[in-house]
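Coordinate-derived values only; no laboratory data. For clarity, every value in this text was computed on a predicted model and none was experimentally measured. Every residue, glycine among them, receives a Cβ derived from its backbone with ideal geometry; neighbour counts consider all protein chains shown.
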Amino acid sequence: MNTVEEKNSLYKSRKQSVGAWFGSGEPWIWVTGSAVAASVIAVVGLLLILLVRGLSHFWPADIIEFEYLDERSGQQTTVVGEITDSEQVSLEQLRSAGLQLPEEGGEFRQRDLIKTGNRDVTGSDFRWYLSENMRNIRFPKGLMVLERYEWGNFYGYLLNVKEQGREIAAQQPAEFDPETWQVFEARLKRAIELNDTIKAIEKHETRALNYRLERLRLAERELELEIGLDALAKNLAMAEIAQERAEIDAEYEVLQTRLTDLHQQVDRDSFTAVTADGRQLSLPFAKIVDALLPNQLNAVEKTWVWFTKIGRFLSEDPREANTEGGVFPAIFGTVLMVILMSIMVTPFGVVAAVYLREYARQGFVTRTIRIAVNNLAGVPSIVYGVFGLGFFVYGVGEQIDQLFFQAALPAPTFGTPGLLWASLTLAILTVPVVIVATEEGLSRIPRAVREGSLALGATKAETLWRVILPMASPAMMTGVILAVARAAGEVAPLMLVGVVKLAPALPLDGNFPYLHLDQKFMHLGFHIYDVGFQSPNVEAARPLVYATAFLLVVVIAVLNFAAVSIRNHLREKYKALEH
Amino acid sequence: MNKPSGSFLQESDSFFQAKRRFKDRFARHAIASGGLAVIGAILLIFLYLLYEIMPLFQSADIEEQAEYSISSDHDPVHLAIEEQGELFLRLDAGGNANFHEVDSGGVRKQQSLLESGVRVSSFAVSSEESRVFGLGLSNGSVLVAKHDYEPVYTGESREIVPSLSFPIGDFPRILTDSSSAIRVLAIRDGEDQATIAALDEAHTLHIMQVEKEQNFLSEEWEFTEKSFALNDIGDSVRYLLLSEDQRYLFVLSGQAELKVIDLRAARSSEIDAVVGQYTLTAGAMVNDIRFLLGGISLLVSDSSGAVTQWFWQSFDGLRRLEKVREFATKPGSARIVTEQRRKGFVVLGDTGSLQLAHATSGSTSLDADTGLKRLPVAAAIAPRANLLILEDDTRKIKVWQIDNPHPEVTFSALWQQVWYESYSEPEYVWQSSASNNDFEPKYSFSPLAFGTLKAAFYSMLLAAPLAICGAIYTAFFMAPAIRRKIKPLVELMEALPTVILGFLAGLWLAPFVEKHLPAMFSMLLLMPPAILLFAFVWSRLPARLRNLLPDGWQALLLIPVIALLGAACIAASQSMELLFFEGDARAWLTNDLGVSYDQRNALVVGVAMGFAVIPTIFSIAEDAIFAVPKHLTNGSLALGATPWQTLLRVVMPTASPGIFSAMMIGLGRAVGETMIVLMATGNTPIMDANIFEGMRTLAANIAVEVPEAEVDSSHYRVLFLAAFVLFMFTFFVNTIAELIRQRLRERYGSL
């Protein structure tokens, strides 16, 4: 490049006319440069949008309270909520929307999108408000945000706390009383703990019992289907099943009593809250996920809340048709599917690459295969999805069901989209990536190394196992990581072969055989598509979609940078051998 | 090859050597078989897709299954096969309904519908799929009945029990006072009303409408009948047909004169009751006329051998019957039997010929000979269209097995314009399913292929210049230090999941573009001159200042320029909207330019998919440019060429095959991309190149429809065909690109 630079500086030092300047081609260099600049802006901008919108959602913003003069009715109402967006709108557009606005005040008016919550009271939880009609804006200390299991957030004041309908603490909404709040928090903590116990029981013990019952039903059906067995043996086995069922029923009874008891305990306490416009609401503590007084928090406390909220986002189950709560099952499903896929793709990809590079005769056929494999990486992923659905699910899966899971029919076991088929499909989708990367690694290993090993008397297999594969292992790693990165972001084929919007259970649990390959699972990418485009309340779900998207980008960026750094490391390591 | 010979390893024990040799051989075979298996598995995709789509293009096949004679005193008036293909109903002129077994002809059940002395003088079905039929009787009355079947399970075995029911009462309805025999009959049975049109020997047309009402207490049906008669109908009426809504009566008289009578008008007064009069054929005699499934189209066969399809067309509120299609059939086609689930039909000829045809594809899929040498007296096709039963005039029954799974899919139906039912002209339409059963599926790939190419075109329009210019700059002008930073950034861009791009495009970019349309235009217009202006100003700056910036850093300097200009355009967007577009650019587009605007449109897709395609093109093109041997460029520069001249005359010609292959691979990616188009367009299969309208692509269509498609149905296989088309297209494009790259590599190697 030195010569180029010298040339460039030569041209720079001379003053030119406009024509000569164009003639030198200098402007066109700038134009090509602008393409790079535009691309950089686009990438960085995109990442920034995801970062800001995804992470700001968890920040406990101050809650605003103001009097609002309604443009249409002229009535004054008190509004409480979080500002989530604001924009400039031209007067004309506002007027054509039917608002009566005076001429003075400029061509453009600012309006703010306020998340007012309280969907159970008002029916909607987002509304635009014109900034100029807001009066008496304030941030009262006593304003609380309640995250609830149903109906989204609640914004308002605490009025009193009740135990079995009896008031044990109370305050005036306008005057914040720390003691009442302490009582409230203590009761909330107790309810949350009880709720956690209930959920744990339902999740593990009840599900385990249901699972055992289902297996019993299948065993029974299997017995019915069996022809060779004589009646006596059949009756004996049936009696055994009946006995076990009775045992499970008894256990179920015990569990049910415990659950009823816990539910009664958790339903003991309730509280009364009041909304901005004075409506009172009696709420049980059992329905509350979290309570906050954001207007009293300082920056450090807010940061802490922010981190805990992100933590909950990563570790909790989704609520309210995926528009609230966390994405843990989606993370779990993505990771598990990717792990299964890598277990399948790594050996096969490596073996294929070793065969192509080390064993196959290098000729026209090998070259053709190499090109074909290379090109398969460019075949649209949806084609693999269609293949997986037709071949694995409807073809192989239904055969497996006929042979091994007859008792469950007509309900399909493997003849329906599921984890196994999803990971197999993605394995086929990504195997070209592994083959190409491994082959590249193998081709980088100098001949001298191979020949040296052979000359010392090692067989070809020993050379491969002791010398070549260890040297190529970083390349394999790169291939696998790239495959994982691609698989983690791929959604289109998964929509056909196993991903669902809401899986009732994780595909890995404490019930034998622990890993349920036939189950459907949740996936981060599909979660984004589903929540962003199929959910009933897109406005409320949007921040979560940004957060999920950001999470997915982080996962994939980490994987990619790992691949890149391994590749660079490998190149450095064998640089010395390349001469 | 390099097997170690044992000579200098003799001191080791031979067992160990044998083990090593065995291991080596084992590894060789294991790796070879494993490698070939993986490659085979990959090729399996191709073969499997082919296997799934082959049946679409297989021609139909029929096979004679059984032949037997049955004993009966009367000629048949109607045959009908039950769903499972086990039984068939034979109605004869004596009013006997006999249920026979399809395989043997044995009688399962017999039922006489008429009193003695009364004979069947005419016959009509409501529609084949409704299983409701009417018998016009010699005493001037009409009996309407329905044949039903119910499976009864006894232990493991299943038996189908046939029965007859009577939708408007189990007694003949008397239509004529004169008790003259019903000569021609038409019936239609609906949810709450049935209509009977019957022509007696005196050429009087009797219309009876029977309203049905179920008493919700006793659950008994109550019927109220209304009748009227039409006299001037002519004396040569041969066919009567009632439209599905029971409003229009089609009367075929003479050779080919079709009259359409509005029964509603006819009932109130006889003026203007005839709403249409057509001559169906010129000079030929109509042999058969009946409704195709759904009751929209009429199929007419005539003595010249032509079968034509007709349906209603609306022109300025006037409805008229229009001939839309003619089927290439054999001369002497005389009888049409329509299928009950599809728009297909069988044409039987008077020389014993048999043809299978389908209305949508407009083609015949089979020509066969029944061996009967003449027209069958009665014929029936099974509901699943897998059996055909023919009876000739000697009571001989022939049963044929039909294998005709996908008659609606032909090459022309997939790619050419088709005149679908109720459309005013032939069109390209993709509409694969609807709620009703008698829907005509419209499998035209053209709008989908068009949508795919449209999306790919707009994204390439954005991506190709940006990516190639970027690659040129990065490979040839950029300082190595930034180049090392730019490459991972681009790699990250390539790894971004498309679902994220699609989601941003659909939920953020689409509303943003809609709100800031003027900003989009102004950016496009202002960006290039602004960059040139900045470059010019830069070149006029004192050298001392310019030398502060090392060579190859221009791009960095441009980042704030572009960002600021973009921000300025967006900020000024609303003012521009007020100034130039009357405050609403979108309304201005629609009202003043007549360009319709969808929020999720090709522009949004182009930007989002362009973003996905840029890194693909960029990295391959950059590699190609960077791989141009340095001595070429250095030589050119040394001879006094400017860097730009060197680029244009030396670098680009050498690297252009590589750039071309980069674009091919980018195109392949744009064509197959699913999630972005799925989320950033409205997914409406329209054919319109307008950048402000959406589209549906092949890939998105597969993603949307495959999960709902019934396995092995035509719809399912057509979607597999779409996948196959995508596969072949991208494979072909990528192979060309790969070959070009290999050639290029060889050439560089020699330089």
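Mean 1/r over all different Cα pairs, inverted: what Kirkwood radius does chain A give, in Å?
Hydrodynamic radius (Kirkwood, Cα pairs) of chain A is 29.8 Å.
Per DSSP helix of 4 or more residues, -39500 (n - 2.57); summed, then divided by the residues of chain B. What does that give at 222 nm, rounded to the nearest 500? Kindly include the intermediate steps, with their values, before the conclusion.
Values: 19 runs with 284 residues, N = 751.
-12500 deg cm²/dmol, from helical runs alone.
Can you tell me which lysines have their Cα less than 18 Å from the Cα of A:K199? Leave out same-chain residues fewer than eight positions away.
A:K189, A:K287
In the stretch A:94-187, what GluC sites (Glu not before Pro) fall in a loop by DSSP, with at most 12 other Cβ atoms inside 10 Å? Walk me through the numbers before you get to the answer.
On the way: sites: A:E103, A:E104, A:E107, A:E132, A:E147, A:E150, A:E163, A:E167, A:E175, A:E179, A:E185; in loops: A:E103, A:E104, A:E107, A:E150, A:E175.
The qualifying sites are A:E103, A:E104, A:E150, A:E175.
I need the per residue convex hull volume for the stretch A:328-578, using only the alpha carbons, in cubic angstrom as a whole number. Display every interim value, and only then the final one.
On the way: hull volume 39.9 nm³, N = 251.
Expressed per residue, the convex hull around the Cα atoms of the stretch A:328-578 is 159 Å³.
Taking square-rooted eigenvalues a ≥ b ≥ c of the alpha carbon gyration tensor, is the stretch A:265-422 rounded, prolate or oblate, where a/c under 1.5 means rounded and, failing that, a/b exceeding b/c means prolate?
Prolate shape, in that a/c is at least 1.5 and a/b is the bigger ratio.
How many angstrom lie between the C-alpha centres of the stretch A:351-418 and the stretch B:247-281?
Measuring centre to centre over Cα atoms gives 61 Å.
Calculate, in whole percent, how much of the Cα-Cα pair population of the stretch A:443-579 lies beyond 21 Å.
Working: 5802 of 9316 pairs.
So the portion of pairs separated by more than 21 Å is 62 percent.
Between A:Q362 and B:K373, with labels modelled 7 Å along Cα→Cβ, what's the label distance in nm to one decimal, could you check?
7.5
When the chain is fully extended, how far beyond the present Cα-Cα distance does B:L545 get from B:M728, taking 0.36 nm per residue of separation?
Values: separation 183, 0.36 × 183 = 65.88 nm, distance 5.57 nm.
60.3 nm is the gain from fully extending B:L545 to B:M728.
Could you go through the stretch B:662-674 in sequence order and give the Karplus-derived ³J(HN,Hα) for each residue, using 6.51 cos²θ - 1.76 cosθ + 1.60 with θ = phi - 60°, rounded to whole Hz, and x for Gly and Pro?
Working through the residues one at a time gives 4, 5, 4, 5, x, 4, x, 5, 5, 5, x, 5, 10 Hz.
All other residues with a Cβ under 14 Å from the Cβ of A:L236 taken together, and with Lys, Arg as +1 and Asp, Glu as -1, what is their net charge? Don't skip to the end; give the middle numbers.
On the way: positive: A:K234; negative: A:E220, A:E226, A:D230, A:E240, A:E244.
My count for the surroundings of A:L236 gives -4.
For chain A, what is the mean residue ellipticity at 222 nm derived from helices alone (per DSSP H run of n ≥ 4: -39500 (n - 2.57); sum divided by total residues; nearest 500 deg cm²/dmol)?
Numbers: 19 runs with 319 residues, N = 579.
Mean residue ellipticity, 222 nm, calculated: -18500 deg cm²/dmol.
If I fit a long axis through the Cα atoms of helix B:714-750 and take the longest principal axis of the Cα atoms of chain B, what angle between them do I get, 0 to 90°, rounded to 10?
20
Sort A:R361, B:R669 so that the residue with the fewest other Cβ atoms within 10 Å of its own Cβ comes first and the one with the most comes last. List each step's numbers first, then the result.
On the way: A:R361 7, B:R669 25.
So the ranking, lowest neighbour count to highest, is A:R361, B:R669.
With the radius of gyration and the Kirkwood radius both derived from the Cα set of the protein assembly as shown, what is their ratio Rg to Rh? Please list the in-between numbers first.
Details: Rg = 38.8 Å, Rh = 37.8 Å.
Value, to two decimals: 1.03.
Multiply the residue separation of A:Q100 and A:A448 by 0.36 nm, subtract the distance between their alpha-carbon atoms, and state the gained length in nm to one decimal.
116.8 nm
If you fit an axis through the alpha-carbon atoms of helix B:602-626 and take the longest principal axis of the Cα set of chain B, what angle between them do you get, 0 to 90°, nearest 10?
Orientation of helix B:602-626: about 40 degrees from the principal axis.
When we measure straight from the Cα of B:K442, which aspartates and glutamates land under 15 angstrom away, once same-chain ones fewer than 8 places off are left out?
B:E408, B:E421, B:E425, B:E427, B:E705
Give the average over all directions of the projected area of the C-alpha convex hull of the stretch B:115-279, one decimal, in nm².
Numbers: hull surface 50.2 nm².
Averaging across all directions leaves 12.5 nm² for the Cα convex hull.
Give me the orientation-averaged projected area of the Cα convex hull of the stretch B:445-750, in nm², one decimal. Don't skip to the answer; put the middle values down first.
Details: hull surface 76.2 nm².
Averaged projected hull area, Cα only: 19.0 nm².
Round to the nearest 0.05 the FRET efficiency obtained for A:H204 and B:E582 when R0 = 60 Å and r is the Cβ-Cβ distance.
Numbers: r = 64 Å, r/R0 = 1.07.
The computed FRET efficiency comes out at 0.40.
Using a Förster distance of 41 angstrom, determine the FRET efficiency expected from the C-beta separation of B:E322 and A:L51, and round it to 0.05. Present the calculation step by step, with values, prior to reporting the outcome.
Values: r = 61 Å, r/R0 = 1.49.
Calculated value: 0.10.
Under a point spin-label approximation (7 Å from Cα along Cα-to-Cβ), what is the B:T279-B:S130 distance to one decimal in nm?
A separation of 3.3 nm, rounded to one decimal place.
Work the Kirkwood hydrodynamic radius out for the stretch A:64-139: mean of 1/r over every pair of different alpha-carbon atoms, inverted, in Å.
Working: mean 1/r = 0.0767 Å⁻¹.
This gives a value of 13.0 Å.
Dipole magnitude of chain B about its Cα centre, charges +1 at Lys/Arg Cβ and -1 at Asp/Glu Cβ only, in debye to the nearest 20?
5400
Can you list the HN-Hα couplings for the stretch B:129-145, worked out from phi with the Karplus curve (6.51, -1.76, 1.60; θ = phi - 60°), rounded to whole Hz and with x for Gly and Pro?
After applying 6.51 cos²θ - 1.76 cosθ + 1.60, I find 6, 7, 6, 9, 9, x, 10, x, 10, 6, 9, x, 10, 10, 10, 10, 9 Hz.
Let me spell out the model: positive unit charges on the Cβ of Lys and Arg, negative unit charges on the Cβ of Asp and Glu, origin at the Cα centre of chain A. What dipole size does that give, in debye rounded to 20? Don't jump to the answer; show the numbers that get you there.
Working: 55 positive and 67 negative charges, 576 e Å.
Using only the charged Cβ atoms, the result is roughly 2760 debye.
From the convex hull of the Cα coordinates of the stretch B:12-57, what is the mean projected area in square nanometres? Intermediate results must be reported in sequence, preceding the final value.
On the way: hull surface 14.5 nm².
Value for the stretch B:12-57: 3.6 nm².
Of all the C-alpha pairs in chain B, what % are more than 45 Å from each other? Don't jump to the answer; show the numbers that get you there.
Values: 134388 of 281625 pairs.
Everything past 45 Å amounts to 48 percent.
Using only alpha carbon pairs under 8 Å that are at least six residues apart, calculate the relative contact order of the stretch B:551-682 and give it in whole percent. Walk me through the intermediate numbers first.
Values: 76 pairs, mean separation 40.0, N = 132.
Relative contact order for the stretch B:551-682 comes out at 30 percent.
May I ask you to sort A:Y252, A:Y514, A:Y546 by Cβ crowding, counting other Cβ atoms within 10 Å and putting the fewest first? Let's see the in-between values first.
Working: A:Y252 16, A:Y514 9, A:Y546 26.
So the residues, fewest neighbours to most, are A:Y514, A:Y252, A:Y546.
To test your reading of the geometry: what angle, between 0 and 90 degrees and rounded to tens, separates the Cα axis of helix B:14-57 from the longest principal axis of chain B?
Roughly 50 degrees, rounded to the nearest 10.
What does the convex hull of the Cα atoms of the stretch B:487-616 come to per residue, in Å³, rounded to a whole number?
128
Between B:T351 and B:I70, what's the calculated FRET efficiency when r is the beta-carbon distance and R0 is 25 Å? Round to 0.05. Write out the running numbers ahead of the final one.
Details: r = 24 Å, r/R0 = 0.96.
Working from the Cβ atoms, E equals 0.55.
Percent relative contact order of chain A, based on C-alpha pairs within less than 8 angstrom and at least six residues apart? Write out the running numbers ahead of the final one.
On the way: 788 pairs, mean separation 83.0, N = 579.
Dividing the mean separation by the residue count of chain A yields 14 percent.
Helix by helix through chain A, keep the DSSP H runs that span 30 Å or more along the axis on Cα and average at least -1.0 on Kyte-Doolittle, and give those back in order. All intermediate terms of the calculation are to be shown ahead of the outcome.
Working: long enough: A:26-56 (44 Å, 1.71); A:178-200 (32 Å, -0.55); A:231-266 (51 Å, -0.28); A:328-354 (38 Å, 2.21); A:419-444 (36 Å, 1.38); A:538-575 (54 Å, 0.83).
Both cut-offs are met by A:26-56, A:178-200, A:231-266, A:328-354, A:419-444, A:538-575.
How do A:558-569, B:352-363 rank on mean C-beta neighbours within 10 Å, highest first?
On the way: A:558-569: 17.1, B:352-363: 22.6.
In descending order of packing, they fall as B:352-363, A:558-569.
Which whole-number value in Å³ per residue fits the convex hull of the alpha carbons of the stretch A:210-289?
Details: hull volume 9.2 nm³, N = 80.
With only Cα atoms used, the stretch A:210-289 gives 116 Å³ per residue.
First select every other residue whose beta carbon is under 12 angstrom from the beta carbon of B:V418; then total the charges, Lys and Arg +1, Asp and Glu -1. Don't skip to the answer; put the middle values down first.
Details: positive: B:R325, B:K343, B:K442; negative: B:E408, B:E421, B:E425, B:E427, B:E440.
Value of the local net charge: -2.
By the scheme Lys and Arg +1, Asp and Glu -1, what is the net charge of all other residues having a beta-carbon under 13 Å from that of B:S365?
Values: positive: B:R342, B:K343; negative: B:D61, B:E339, B:D367, B:D403, B:E408.
Cβ neighbours under 13 Å give a net charge of -3.
So what's the gap between the Cα centers of the stretch A:208-232 and the stretch A:132-191, to the nearest angstrom?
54
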